1. Considering only residues of the range 16-43 that are surrounded by fewer than 17 Cβ atoms within 10 Å (Cβ to Cβ) and assigned to a helix (DSSP H, G or I), which is farthest from the ligand (Cβ to nearest atom)?
2. Note down all Cβ pairs under 6 Å where the first residue falls in the range 69-86 and is touching a residue at least 40 places away in the same chain (Cβ under 8 Å), the second is part of a loop (DSSP other than H, G, I, E, B) and within 16 Å of the ligand (Cβ to nearest atom), and they're at least six residues apart or on different chains.
3. Test Lys183 against the stated conditions and say whether it is surrounded by fewer than 16 Cβ atoms within 10 Å (Cβ to Cβ) and basic (Lys, Arg).
4. If you scan the range 314-338, which residues turn out to be under 26 Å from Tyr192 (Cβ atoms) and either in a strand (DSSP E or B) or without any contact (Cβ under 8 Å) to a residue 40 or more places away in the chain (or both)?
5. Return the total of residues in the range 186-217 being of a type in the set (D, E, K, R) and surrounded by fewer than 17 Cβ atoms within 10 Å (Cβ to Cβ).
6. Can you report the number of residues in the range 74-117 which are more than 14 Å from the ligand (Cβ to nearest atom) and either farther than 20 Å from Leu166 by Cα or surrounded by fewer than 23 Cβ atoms within 10 Å (Cβ to Cβ) (or both)?
7. Does the range 131-146 contain at least one residue that is over 21 Å from the mean Cα position of the chain (by Cα) and within 17 Å of Gly310 (Cβ to Cβ)?
8. Could you check Trp301 against (1) closer than 24 Å to Arg370 by Cβ; (2) out of contact with any helix residue (DSSP H, G or I) (no Cβ under 7 Å at 6 or more places or on another chain); (3) hydrophobic (A, V, I, L, M, F, W, C); (4) free of Cβ contacts under 8 Å to residues at least 24 places away in the same chain and say which number it fails?
Amino acid sequence: MRLAEFALERYFARWEFAVRYLLCASDVEGLPMASLLAMADDETRALWNDLRLGYTESTGHPLLRAEIAELYEHAGPDDVLVFAGAEEAIFCLLNVVAGPGDHAIVTWPGYQSLYEVARAAGADVTLHELHEADQWSLDVERLIASLRPETRVVVVNAPHNPTGMLPAHAEWARLTDELADRKIHLLSDEVYRFLERDERDALLPGADAYTQGISLGVMSKSLAMAGLRIGWLATRDRDLLARCAAFKDYTTICSSAPSEILALIGLRARDRVLARSRRIVADNLELLDDFFRRRAAWFSWVRPRAGSVGFPRLLAPIPIDEFAAGLVEAEGVLLLPASQFGHPGNHFRIGFGRENLPEALGQLEAYAERTLA
Ligand SMILES: Cc1ncc(COP(=O)(O)O)c(C=O)c1O
């Protein structure tokens, strides 16, 4: 298997811990350990205090799987498989469902592993491109028209990284019904679930939509615990899950014992955790709306319908890579240029899950005033 370099992750490896302001992060400000432990109930506190650091159950701690299953209408603990982050789940799942002779369709621009792993596994991949002119919306009829007899999996990330796209309920139902009829898997990357601007817009999870639907979830984004490296797949397709479990024997075998218990504590306290995340994201988005309204001469802005990232465009006649390089050099503020997604536009990803966004935005504005005005 020959994997192309993961451009975005290489960019973060270079910059993430070297800059003052990460104005392009996709996760919500990491929850302090002390706050999390303070949320433990009697059972989870005892699990934490008495924890032994041996290997863990390869499918995931039964209590953790049970708690994850609560996030879905039609999944029980045996319909859940725990991984080291969403990334490992993507790697295992796409290796299992997409190989030579298979076809996959993946939303794009997007998180590179969602299409790169299928490609490296030998599948033919069609990128379903989203366009700013359509408000980045998913074109469900165009996507359905690109299905082939050999299509094995459709990968949709919604809420979407980097645009904040979220399909309407009717569009989502049209897609999932069509895929159910044709018995094609849907990998529904829901890592930004629970960050919808309006909770009524939340999509039916892939695992609930139909038997071959697969939900991808993680502790990293809305649940603000990226450092746990705990993610999961949920699906009623037990055979598929068993094949993913067998593949995982070649990656991590089982999850980190402390992380599993901490994830369990966090999920049981998810109402409080998510309320914090939604408050951070909502306050920051208000500031971004105001910024882009005042600076409409410099930036275009499609307001994200959900999630913690957006994909504005620099309108000034200067390449975004150059602008971003100058900004990080002068102000220590990191943006993520579209080139890191392999996208040719003058766009950049902006992230609004971090608590220092007000300051970072101030630095961006000062720099733009100096260089663009
Ligand atoms: C859409 C999407 N899927 C999956 C992941 C991977 O999540 P994790 O890093 O928690 O494994 C990311 C991370 O940025 C993402 O944006």
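Any read-out appearing in this document is the output of simple, stated calculations on the displayed coordinates, not a laboratory observation. Just so it is clear, the model here is predicted, and its values are computed rather than measured. Ideal geometry is used to build each Cβ from the backbone, glycine not excepted, and the neighbour counts take in all protein chains shown.
1. Asp42
2. Tyr72/Pro205; Val82/Gly60; Val82/Ser255; Ala84/Arg229; Ala84/Thr252; Gly85/Arg229; Ala86/Val191
3. Spelling it out, Lys183 is indeed surrounded by fewer than 16 Cβ atoms within 10 Å (Cβ to Cβ) and basic (Lys, Arg).
4. Of everything in the range 314-338, those that are under 26 Å from Tyr192 (Cβ atoms) and either in a strand (DSSP E or B) or without any contact (Cβ under 8 Å) to a residue 40 or more places away in the chain (or both) turn out to be Leu314, Ile320, Asp321, Ala324, Val333, Leu334, Leu336, Pro337.
5. Narrowing the range 186-217 to residues of a type in the set (D, E, K, R): 189-190, 193, 196-201, 208.
Cutting the leftovers down to surrounded by fewer than 17 Cβ atoms within 10 Å (Cβ to Cβ) gives us 198-201.
Result for the range 186-217: 4.
6. Taking the range 74-117 first, the residues more than 14 Å from the ligand (Cβ to nearest atom) are 74-81, 95-105.
Adding the requirement that they be either farther than 20 Å from Leu166 by Cα or surrounded by fewer than 23 Cβ atoms within 10 Å (Cβ to Cβ) (or both) leaves 74-81, 95-104.
Final tally of qualifying residues: 18.
7. yes
8. (2)
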